[in-house]
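Here is the structure we will look at, set down as structure tokens.
The values are calculated or read from the model by the stated rules, or taken from the named source; none is laboratory data. Please read all numbers here as calculations on a predicted model, not as lab measurements. Using ideal geometry, Cβ is built from the backbone for each residue, glycine included, and neighbour counts are taken over all protein chains shown.
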Amino acid sequence: MAIAIDDIKRHYVTIAEARRMDGLRIVLGAFTVPGPWHEACKGICYVKGLDYTPVRSANEGASDLQIGMGGSQSELVEWTAQSSAPVMVWNDERPRALWNDQLYLAERLQPEPSLIPAAPEDRVRMFGLANELMGEGGLLFHKRHFMAGPFVDSLPEDSPARTLMSFLGQKYGYNEQALARATGRIVEALKLIDTQLSSQQARGRRYLVGETLSALDIYWATSCGFLDPLPEDLCPMVSDFRAPYLYGTPNAEIERALTPALRRHRDFVYEQHLELPIVF
């Protein structure tokens, strides 16, 4: 039986409420799709047992589709000096809007289990590969170009989704040249992760770096959801987003690069370490 989305949504506070609180607050947006940066941030906290208060990214009263348009994020910009989520805020410290800053904060707040390898070579490899997934110019960054390319032209002129996707294209630098590069960069990143996984498995290791779970495993598991979402019973997302140009593989070349081994590793990480079903 399918799980109703409203039954597994967290209680979100407004930005105004969050700013009056202490402790750990995470601006997540209250979306009902598995945004990979959001899910990675949540996953790291889940593994570490860090409690936090979820915060909506839009101004009070704005709908999810209005986020990022018409000034609906002015409160977020005022608080964090930028307009993207997730953002981690600890007490009165500066907001952390970058994935690596968020990891370092989580490590400081809850050192165990550590998700950053102790061995220098493993640490360098983990951050290098994580950047290929999470960083500007990485897999996730390039996958967004498909959301703002030909897919947008297929939507009705007055569609709220078209307005949102067009906005995201402008925000993240979409153009035809960027779209032309996207497949190659996504495939390149997938091959790097697949090669690393094969190397580890050849040594009898179950994780992507070292011998225990690292942040890279979480980053891969959540990134994979942008190309191949978990099934409905584990990821009860808005069904309209289960489309190749949104949350799926937009062409055969990327589909081939997303190997069965990579999908199995995603499943293993979720089954053994992350919250299921995914809670938005």
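For the stretch 253-280, what are the residues that are of a type in the set (Asp, Glu) and either assigned to a helix (DSSP H, G or I) or within 13 Å of Trp220 (Cα to Cα) (or both)? Lay out the reasoning, then the answer.
Here is the first cut: in the stretch 253-280, the ones of a type in the set (Asp, Glu) are 253, 255, 267, 271, 275.
Matches in the stretch 253-280: Glu253, Glu255, Asp267, Glu271.
Residue pairs, Cβ under 7 Å, 6 or more apart or interchain, first in the stretch 92-107 and among the aliphatic types (A, V, I, L, M), second part of a helix (DSSP H, G or I) and surrounded by 16 or more Cβ atoms within 10 Å (Cβ to Cβ). List them.
Ala97/Thr80; Leu103/Ile44; Leu103/Ala215; Ala106/Ile44; Ala106/Cys45; Ala106/Lys48
Quick one: in the stretch 104-144, of everything that is basic (Lys, Arg) and out of contact with any Phe, Trp or Tyr (no Cβ under 9 Å at 6 or more places or on another chain), which residue is farthest from Lys48 (Cα to Cα)?
So, considering only residues that are basic (Lys, Arg) and out of contact with any Phe, Trp or Tyr (no Cβ under 9 Å at 6 or more places or on another chain), the one farthest from Lys48 (Cα to Cα) is Arg125.
Only one residue in Ile26, Ile44 is buried (at least 18 other Cβ atoms within 10 Å of the Cβ), outside any helix (DSSP H, G or I) and modelled with pLDDT of 90 or more. Which one? Let's see the steps before the verdict.
Numbers: Ile44 fails: outside any helix (DSSP H, G or I).
Going through Ile26, Ile44 in turn, the sole match is Ile26.
Given the conditions (1) within 11 Å of Ala215 (Cβ to Cβ); (2) assigned by TED's automatic domain parsing to the domain that holds Ser223, which single one is not true for Glu132?
Among (1) within 11 Å of Ala215 (Cβ to Cβ); (2) assigned by TED's automatic domain parsing to the domain that holds Ser223, Glu132 violates only (1).
Applying the selection to the stretch 215-240, what residues are surrounded by fewer than 24 Cβ atoms within 10 Å (Cβ to Cβ) and among the hydroxyl-bearing types (Ser, Thr, Tyr)?
The one that is surrounded by fewer than 24 Cβ atoms within 10 Å (Cβ to Cβ) and among the hydroxyl-bearing types (Ser, Thr, Tyr): Ser239.
Would you confirm whether or not the stretch 68-83 contains a residue that is free of Cβ contacts under 8 Å to residues at least 24 places away in the same chain, surrounded by 15 or more Cβ atoms within 10 Å (Cβ to Cβ), assigned by TED's automatic domain parsing to the domain that holds Glu211 and touching a helix residue (DSSP H, G or I) at 6+ places or on another chain (Cβ under 6 Å)?
no
Just checking: which of the helices (runs of 4 or more DSSP H) contained wholly in the stretch 109-209 hold 1 or more residues that are over 29 Å from Arg256 (Cβ atoms)? Steps first, answer last, please.
Values: elements: 120-134, 139-147, 150-153, 160-171, 176-202.
So the answer is 120-134, 160-171.
Among the residues of the stretch 142-149, is any within 19 Å of Leu216 (Cα to Cα) and either in contact with a helix residue (DSSP H, G or I) (Cβ under 7 Å, 6 or more places away or on another chain) or outside the structural domain of Thr249 (by TED's automatic domain parsing) (or both)? Break it down into steps so the answer makes sense when it comes.
Here is the first cut: in the stretch 142-149, the residues within 19 Å of Leu216 (Cα to Cα) are 142-143.
Applying the additional criterion that residues be either in contact with a helix residue (DSSP H, G or I) (Cβ under 7 Å, 6 or more places away or on another chain) or outside the structural domain of Thr249 (by TED's automatic domain parsing) (or both) yields 142-143.
Yes, some residue in the stretch 142-149 is within 19 Å of Leu216 (Cα to Cα) and either in contact with a helix residue (DSSP H, G or I) (Cβ under 7 Å, 6 or more places away or on another chain) or outside the structural domain of Thr249 (by TED's automatic domain parsing) (or both).
Filtering the stretch 47-60 down to residues that are out of contact with any helix residue (DSSP H, G or I) (no Cβ under 6 Å at 6 or more places or on another chain) and assigned to a strand (DSSP E or B), which residue is surrounded by the most Cβ atoms within 10 Å (Cβ to Cβ)?
The residue in question is Pro54.
As an exercise: evaluate Tyr270 against (1) within 30 Å of Val152 (Cα to Cα); (2) of a type outside the set (S, T, N, Q); (3) surrounded by 13 or more Cβ atoms within 10 Å (Cβ to Cβ) and give the number of the one condition it does not meet.
The one condition Tyr270 does not meet is (1).
Based on what the data block shows, is Thr222 in a helix (DSSP H, G or I), more than 26 Å from Asp122 (Cα to Cα) and touching a residue at least 40 places away in the same chain (Cβ under 8 Å)?
Working: in a helix (DSSP H, G or I): yes; more than 26 Å from Asp122 (Cα to Cα): no; touching a residue at least 40 places away in the same chain (Cβ under 8 Å): yes.
No.
For the stretch 143-153, name all the residues that are within 23 Å of Gly225 (Cβ to Cβ) and either touching a residue at least 60 places away in the same chain (Cβ under 8 Å) or of a type outside the set (Val, Ile, Thr) (or both).
To start, the set of residues in the stretch 143-153 that are within 23 Å of Gly225 (Cβ to Cβ) comprises 143-152.
Listed by number, the residues that qualify are Lys143, Arg144, His145, Phe146, Met147, Ala148, Gly149, Pro150, Phe151.
Report, ordered by the first and then the second residue, all pairs with beta carbons closer than 6 Å, sequence separation of six or more or different chains, a first member in the stretch 39-50 that is closer than 14 Å to Ile116 by Cα, and a second member that is small (Gly, Ala, Ser).
Final answer for the pair search is Ile44/Ala106; Lys48/Ala106.
Would you mention how many residues in the stretch 165-188 are over 12 Å from Gly149 (Cβ atoms) and touching a Gly at 6+ places or on another chain (Cβ under 6 Å)?
Total meeting the criteria: 1.
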